Amino acid sequence: MEEKLRIIINEYIENVNYVCINLLKGLNLKSKEEFWKYKETHWGTEFEVNGIKYILHGKGCIATNDEMFIDWDFGYGSRWCGINPWILASMLERNKDAHVEYYDSKRIEEECEQAVLNGEMYQKYDLYYFSIPISETFEPSFPKEFDTLIIEHFDSKWIIPRNKVIDRFIRKSRRIYNHIEKSLNKYILKFILEGKEIYSIPYDDIGYPKNAVRIMSDILKNVSKETK
């Protein structure tokens, strides 16, 4: 992918993350998951939060005020957005961005498709996402001996005895994103042996390998059902 477009997309993602975190704070929510639950019980498609107007539409949202206009489709999992070439190109045009003459929706899509072929991006459903290069990951030092896993997420806490599913999650978690500490929606995994914490590490559904995420999603789904 051209470096100029990579910079544009990264700035776009950062801006979407910013306005979404602003939305959560304004509604006194902690995560995207809580926002979806909030939306199910509150009718309406518009919110006014800290001087920013949010307008829900189809698969996404618009955040706007006198100084900005940001449009996006919500991403999967905890990702606030994915790249929709048409939406990104339309937004550049509306904001009279200096790069609009270089990047129309067709060219953005072609660049994203080539990035997928090169392993720089991947496509899930109809949106594009940057892949995490192995150079930006580390190998975790999960303990070989532990008897309990504690999972903490904001005000929630689950205590799970060691089992084969947890062991499988560890085996699949070979490489983890270096900057996972900065995750907007991280869990904390604490490994316990005879009542003492011997290792802890953050977890989210972006910085771990796909197979590990699939396993942890099932773990979290099951423990959530048990605690309801």
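The values are calculated or read from the model by the stated rules, or taken from the named source; none is laboratory data. Being a predicted model, the structure only gives us computed values, none of them experimental. Neighbour counts run over all protein chains shown; Cβ positions are idealised from the backbone, glycine included. Each accessible area value is taken on the protein alone, full model and side chains, heavy atoms only, with ligands, DNA and RNA left out. Shrake-Rupley method; radii C 1.70, N 1.55, O 1.52, S 1.80 Å.
Extending each Cα 7 Å along its Cβ direction at Phe142 and Lys25, get the distance between those two points in nm, one decimal.
In this crude spin-label approximation the distance works out to 3.5 nm.
Along the stretch 12-20, what does the Karplus equation 6.51 cos²θ - 1.76 cosθ + 1.60 (θ = phi - 60°) give for ³J(HN,Hα), rounded to whole Hz, x for Gly and Pro?
4, 4, 4, 5, 5, 4, 4, 5, 6
Just the number, please: carbon plus sulfur as a percent of the accessible area of the stretch 1-132, 1.4 Å probe, no ligands or DNA/RNA counted.
Values: 3590 of 7570 Å².
For the stretch 1-132, the apolar C and S fraction of the accessible surface comes to 47 percent.
Run the quick spin-label model on Glu152 and Lys96: label points 7 Å from Cα toward the beta carbon, then report their separation in nm to one decimal.
The two pseudo-label positions are separated by 5.0 nm.
Putting +1 on Lys and Arg Cβ atoms and -1 on Asp and Glu Cβ atoms, find which of Leu88, Ile134, Pro161 reaches farthest to the positive end of the dipole of the stretch 75-178.
With unit charges placed on the Cβ atoms, the residue in question is Pro161.
Give me the accessible area per residue for the stretch 46-85, probe 1.4 Å, as a whole number in Å².
Numbers: 1730 Å² over 40 residues.
Here the residues of the stretch 46-85 average 43 Å² of exposed surface.
On a 0 to 90° scale, report how tilted helix 32-41 is relative to the longest principal axis of the chain, with both axes built from alpha carbons and the result rounded to the nearest 10.
70 degrees
Per 10 Å bin, what is the whole-percent P(r) computed from every C-alpha pair distance within the stretch 106-228?
Over the stretch 106-228, the share of Cα pairs per 10 Å bin runs 12, 39, 30, 14, 5, 1 percent.
Under 1.5 on a/c is rounded, so check that first for the stretch 161-217, then, if it is not, pick prolate when a/b is larger than b/c and oblate when it is not; a ≥ b ≥ c are the square roots of the alpha carbon gyration tensor eigenvalues. Working shown, then result.
Values: a/c = 2.13, a/b = 1.27, b/c = 1.69.
Oblate.
Would you tally the net charge around Thr41, using a Cβ to Cβ cut-off of less than 15 Å, leaving Thr41 out, and scoring K and R as +1, D and E as -1?
Working: positive: Lys37, Lys39; negative: Glu33, Glu34, Glu40.
My count for the surroundings of Thr41 gives -1.
Tell me the net charge near Ile52. Cut-off is 12 Å between Cβ atoms, Ile52 excluded, with +1 for each Lys or Arg and -1 for each Asp or Glu. Please report the intermediate quantities before stating the final value.
Details: positive: Lys25, Lys53; negative: Glu46, Glu48, Asp66, Glu67.
Cβ neighbours under 12 Å give a net charge of -2.
For the chain, count the residues as N, evaluate 2.2 N^0.38 Å, and divide the Cα radius of gyration by that value, please.
It is 1.14.
Using only Cα atoms, find the angle between the long axis of helix 85-94 and the longest principal axis of the chain, and express it within 0 to 90 degrees, rounded to the nearest 10.
Taking Cα atoms only, the helix is inclined about 50 degrees.
Tell me the carbon and sulfur percent of the accessible area for the stretch 150-228, rounded to whole percent, probe radius 1.4 Å.
For the stretch 150-228, the apolar C and S fraction of the accessible surface comes to 49 percent.
Any aspartates and glutamates with Cα under 14 Å of the Lys196 Cα? List them, leaving off those in the same chain fewer than 8 positions away.
By straight Cα distance, Lys196 reaches Glu145, Asp147.
Do the alpha carbons of any pairs in Lys4/Lys53; Lys37/Lys190; Lys25/Lys96; Lys186/Lys210; Lys164/Lys186 sit beyond 19 Å of each other, and which pairs?
Lys4/Lys53; Lys37/Lys190; Lys25/Lys96; Lys164/Lys186
How do 63-76, 31-44 rank on mean C-beta neighbours within 10 Å, highest first? Kindly include the intermediate steps, with their values, before the conclusion.
Details: 63-76: 16.5, 31-44: 11.9.
Answer by packing, highest mean first, reads 63-76, 31-44.
Treating the Cα atoms of the stretch 21-133 as identical point scatterers in vacuum, please give the log10 of the normalised Debye intensity I(q)/I(0) at q = 0.18, 0.19, 0.20 Å⁻¹, two decimals.
Cα-only, vacuum Debye calculation for the stretch 21-133: -1.01, -1.09, -1.15.
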